[in-house]
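Enquirer: Please see the structure below; I have some questions.
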Amino acid sequence: MKIPAIFTSKKYSIMADSSIVGTLLFLLTGLFTYKAFMDKTYLEENIFDVDKILVDQEYRRILTSGFLHANWIHFGFNMGTLLAFSFFMESTLGPINFLLIYFVSLLGGSLLSLYIHRNHADYQAYGASGAVCGILLASVVLFPEARFPIPFSDASIPRWILSVAFVILSIFGIKKSWGNIGHDAHLGGGLCGVLLTIALQPSILQTNWWIILLILVPTISFLILIVKKPETMMIKNYWGVDFKQKRKEHAVKKTQINSLKLDYLLDKIKREGLDSLSKTERAALDKLKDEL
């Protein structure tokens, strides 16, 4: 798949290169964000709130929270990123598929956040980050060789490197609760963006399989880990395996086996004499005496 000119050009205008759908999302999100700033009741009725969603079954919050932001800087960062990518994504996939990725990623990010914080009744969040991350990673699996310009220089870096760094930072951010950032929504949204793009453009499984694996393997492995071992999220510096405990168990088991071997050899000596031992058994006996 040919890399769009927007990815090879050093300079472009965000608004000039944005799509109709992207611009509409920008305007709607800005309108709802402004309304939430002016009306705190509206904010409280639509923000992502674990207790309200799970207890009061106000499931609409999973989506409505994606149209609210903490402040204009938060809004500007999310929407600026969306507008920068919306033109070529809409041109490549079409407006319907572009919207589909956006909203499925928003939903996926919210659901992962809901799962991780299901026991945190007072947890609240808002923002379009999950949806935007879905669009971003969708663009990466479509055009992994596209480059990201480094600000204030003529240098650039491949976007696939940034996407791998994004996944790793998101995983560690979730585990260690870094900052007041919805890393879970970012990872969930990005995962949905990748999976849906594969469904819409299955040919990338043949051409861009390597970046898909680099994104999906650590992401899915981490999700399996926190589902099978929920204590991973509760114990500091715990990643699902207590290696110290494993070493202790292994040492105890080895000692038990060696004791049985020694008992067997001593019993044989008692019954048949020392000369009854073979060279291998004698060597094993000497080794066991040193270890036990």
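Enquirer: Under 1.5 on a/c is rounded, so check that first for the range 151-229, then, if it is not, pick prolate when a/b is larger than b/c and oblate when it is not; a ≥ b ≥ c are the square roots of the alpha carbon gyration tensor eigenvalues.
Expert: oblate
Enquirer: Which value, in Å³ per residue, describes the convex hull spanned by the Cα atoms of the range 88-163?
Expert: Details: hull volume 9.2 nm³, N = 76.
Given the Cα convex hull of the range 88-163, per-residue volume reads 121 Å³.
Enquirer: Tell me which residues come under 5 Å, amide H to amide H, from SER156 once H is placed; ignore anything under 5 positions away on its chain.
Expert: Amide H to amide H, under 5 Å and 5 or more residues apart or across chains, SER156 pairs with ILE150.
Enquirer: Sum up the charges of everything whose Cβ sits under 15 Å from the Cβ of GLY130, counting Lys and Arg as +1 and Asp and Glu as -1, but leave GLY130 out.
Expert: Charge balance in the 15 Å sphere: 0.
Enquirer: In nm, to one decimal, how far is the modelled label at ASN180 from the one at GLN206, with both set 7 Å along Cα→Cβ?
Expert: Each label point is offset 7 Å from its Cα along the Cβ direction, giving 5.0 nm.
Enquirer: When the chain is fully extended, how far beyond the present Cα-Cα distance does LEU54 get from ALA199, taking 0.36 nm per residue of separation?
Expert: Working it through step by step, the gained length comes to 49.2 nm.
Enquirer: Also, I was wondering about something else. List every residue whose amide H lies under 5 Å from the amide H of LEU68, counting only residues 5 or more places away in sequence or on a different chain, with H placed 1.01 Å from N in the peptide plane.
Expert: Residues meeting the amide H criterion: GLY127.
Enquirer: Treat each spin label as a single point 7 Å out from the Cα along the C-beta direction, and report the ARG271 to ILE168 distance in nm.
Expert: Going by the 7 Å Cα→Cβ label model, 5.9 nm.
Enquirer: Any of LYS229/LYS261; LYS52/LYS228; LYS253/LYS289; LYS229/LYS253 with alpha carbons more than 28 Å apart? Name them for me.
Expert: LYS229/LYS261
Enquirer: Further question: If you wrap a convex hull around the Cα atoms of the chain, how much volume per residue is inside, in Å³?
Expert: Looking at the chain, the number lands at 209 Å³ per residue.
Enquirer: Now for a separate question. Compute a Gaussian network model of the chain, connecting alpha carbons closer than 10 Å, and tell me which residue from ASN71, ASN258, ASN180 fluctuates the most.
Expert: The residue that fluctuates most here is ASN258.
Enquirer: Could you state the angle between the C-alpha long axis of helix 95-116 and the longest principal axis of the C-alpha atoms of the chain, as a value from 0 to 90 degrees rounded to the nearest 10?
Expert: Rounded to the nearest ten degrees, it is 50.
Enquirer: Then there's this: Name the long-range amide H neighbours of ARG147: under 5 Å, sequence gap of 5 or more, or other chain; modelled H, no Pro or chain starts.
Expert: ARG159
Enquirer: With angles folded into 0 to 90 degrees, how steeply does helix 159-176 sit against the dominant principal axis of the chain? Use alpha carbons for both and round to 10.
Expert: For 159-176 against the chain, the angle is about 70 degrees.
Enquirer: What is the angle, in °, between the Cα long axis of helix 20-38 and the longest principal axis of the Cα atoms in the chain? Nearest 10 is fine, range 0 to 90.
Expert: 90
Enquirer: How much length, in nm to one decimal, is gained on full extension between ILE220 and LYS287, taken as 0.36 nm per residue of separation minus their Cα-Cα distance?
Expert: 19.6 nm
Enquirer: So what's Rg/Rh here for the range 188-227, counting alpha carbon atoms and using the Kirkwood radius for Rh?
Expert: 1.00
Enquirer: While we're here: If you rank ARG271, ARG159, ARG118 by fewest surrounding Cβ atoms within 10 Å, what's the result?
Expert: Numbers: ARG271 8, ARG159 21, ARG118 13.
In order of increasing Cβ crowding within 10 Å: ARG271, ARG118, ARG159.
Read the figures in this text as sums done on the coordinates, not as results from a lab. As the structure is a computational prediction, the values presented were derived from the model and not from experiment. Cβ atoms come from the backbone with ideal geometry, glycine included; neighbour counts cover every protein chain shown.
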